[in-house]
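A short write-up of the structure that comes next.
The values are calculated or read from the model by the stated rules, or taken from the named source; none is laboratory data. This one's a predicted model, so the numbers in the text were calculated from it and none came from an experiment. Don't worry about glycine lacking a Cβ; one is built from the backbone with ideal geometry, like all the others, and counts go over all protein chains shown. Side chains included, ligands, DNA and RNA excluded: accessible areas come from the protein's heavy atoms. Shrake-Rupley method; radii C 1.70, N 1.55, O 1.52, S 1.80 Å.
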Amino acid sequence: MIPAIFLRYLERWSDTDEVPKMLEVMLMSLEDENVDVRSNGSLSLAVVIRNSMLNKIETLQKRFNRRIRKLALPPRSSAEYERTLRLRHGAVLGLISLARTYPFTVPEWMPALIDSLAKFATEPNPIASSIRSFGQEFTRNHQDNWHADSKLFNEDQTLALSTIVSGTSY
């Protein structure tokens, strides 16, 4: 619902401070206590960025990466574990939403983003399952043109994509 409202009124809001406020509402949804709200917030954010804010990708990518670095996952017995896991999941979903802004192409920054997502593929659920789901979606969307898209990935990034899609094996 938010993307529809946002895109409908974007032209009217272009000269006001409403656009940053709406973006902040969508970013706050990535930190909601309910996993479904976070997941849908990620999808909504991808739609809005794809249709009106492609110039914000680099800024948002830095924001999400900074957030993840700042939030080290404590031991499960810690009182902060659930909160930290939720906030890390939101930041990972933010990175996933950036990748979803280009569902059928691979911009130059995408392989590095996928490589950074692979670092979190072994974290507890819902982080690992969100990353794996995105990896499968990415593979499905790019299978027809993979012969060309694969040339944009180096060997380590291709391995990272494989890790995202199938998980790790020991």
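Other residues lying with their Cβ under 13 Å from the Cβ of Arg100 contribute a combined charge of +1, Lys and Arg counting +1, Asp and Glu -1. Plainly put, the stretch 80-165 has a radius of gyration that is 0.98 times its Kirkwood radius, both from alpha-carbon atoms, as the Rg/Rh ratio.
Compute the whole-percent fraction of alpha carbon pairs in the chain spaced more than 30 Å apart. Mind showing how you got there, number by number?
Numbers: 2552 of 14365 pairs.
I get 18 percent for the Cα pairs in the chain exceeding 30 Å.
If you roll a 1.4 Å probe over the chain with all protein chains in place, what percent of the accessible area is carbon or sulfur? Carbon and sulfur together cover 50 percent of it.
Which links in Lys56/Lys119; Lys56/Lys151; Lys62/Lys119 stretch past 20 Å when you go from one Cα to the other? It would help to have the intermediate numbers written out before the result.
On the way: Lys56/Lys119 23 Å; Lys56/Lys151 26 Å; Lys62/Lys119 16 Å.
Pairs exceeding the cut-off: Lys56/Lys119; Lys56/Lys151.
Within the shell of other residues whose beta carbon sits under 12 angstrom from the beta carbon of Val165, the net charge comes to +1, with Lys and Arg scored +1 and Asp and Glu -1. Membrane-span-like helices in the chain, defined purely by DSSP H runs whose alpha carbon atoms cover 27 Å or more axially and whose average Kyte-Doolittle hydropathy reaches -1.0, are 81-100.
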